[in-house]
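Derivation of every value follows stated rules applied to the coordinates shown; laboratory data play no part. Predicted model only: the values in this text are computed from it and were never measured. Counting neighbours? That spans all protein chains shown, and the Cβs are built from the backbone with ideal geometry, glycine included.
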Amino acid sequence: MAKDSAAIHMVVCDAGPLIHLDELGTLDLLGDFQSVLVPDAVWIEVERHRPDLFGRTTGTLARIVPQRPPAASLAALARLMPLHLGETQALQIAEEHRADPLLADDTAARLAAKQTGLSVHGTLGILLRAIRRQQREPRTPSPRNSSKQ
Amino acid sequence: MTTPIHADIPDQLVQQPAILIRDGWATDLDEILTDALRRYLTSHSAELSEAFIRGDMEWGLRGEG
């Protein structure tokens, strides 16, 4: 996928967008980010649900192991929301690497990201962004499909 | 009005509230469980989900980068 100066340089991805994009056959859209950091706990979680996902991705995804425990404030937030280990690592790595945005679908994780000052977007945003960046065509449901709804 | 519930909770998880109750931070386990459930529902509310969907639409359609 073509890179350009307007592209987002580095994002951190939680399990939700990875799994949902793969389910939709649109995992390639992550290739539009110059670097996608996947926390170690997220990587393990995704492998449990989609064992062959990482085997089908190109070099875009980078597995990251946190080098230290989360800050006390993040640990407290993780207990309060509550957040899973992968979500906590995603927040920690996004802060440490100044990645922007964090890609997550879980409501609690997104709320925690907002509270820590991180911008956060989910699968829906990634799909719509792909249309804006002309990587996908918008599709209007045909009358036949519409009548089924 | 209240509804009684039965829940299987790990022993270690029950021990921690017991310390809070002993130290006066909560009246009893009922109060702690009610507060925990309320907090969970707040952080997973439909209104919050809708706000995030709108945020995704704005970023996806009109964002930068």
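Computed values, structure above
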read-out	value
Spin-label model distance (nm) - A:L80 vs A:I44, 7 Å beyond Cα toward Cβ	2.6
Calculated FRET efficiency for the pair B:T42/B:A18, C-beta based, R₀ 35 Å, to 0.05	0.90
Computed [θ] at 222 nm, helices only, for chain A once each DSSP H run of length n ≥ 4 contributes -39500 (n - 2.57)	-12500 deg cm²/dmol
Cα centroid separation, the range A:64-88 to the range A:21-41 (Å)	22
For A:M81, net neighbour charge (Lys/Arg +1, Asp/Glu -1) across residues whose Cβ lies under 12 Å away	+2
Formal net charge of residues neighbouring B:I21 (Cβ-Cβ distance under 11 Å; K, R +1; D, E -1)	-3
Relative contact order of chain A, defined on C-alpha pairs under 8 angstrom at six or more residues apart (%)	26
Förster radius 22 Å - calculated FRET efficiency between A:K114 and A:Q34, Cβ distance, rounded to 0.05	0.35
Value at 222 nm in deg cm²/dmol, rounded to 500, when DSSP H runs of n ≥ 4 in chain B each add -39,500 (n - 2.57)	-22000 deg cm²/dmol
Packing-based ranking, highest mean first, of B:50-61, A:34-45, B:33-44, B:1-12 given that Cβ atoms within 10 Å are counted	A:34-45, B:50-61, B:33-44, B:1-12
Inter-site label distance for B:D35 and B:I9 at 7 Å from Cα along Cβ, in nm	1.2
Shielding of A:130-138 by partner chains, average beta-carbon count, 10 Å	1
Karplus-derived 3J(HN,Hα), 6.51/-1.76/1.60, for each residue of the range A:47-57, Hz, glycine and proline x	4, 5, 8, 10, x, 9, 4, 5, x, 9, 9
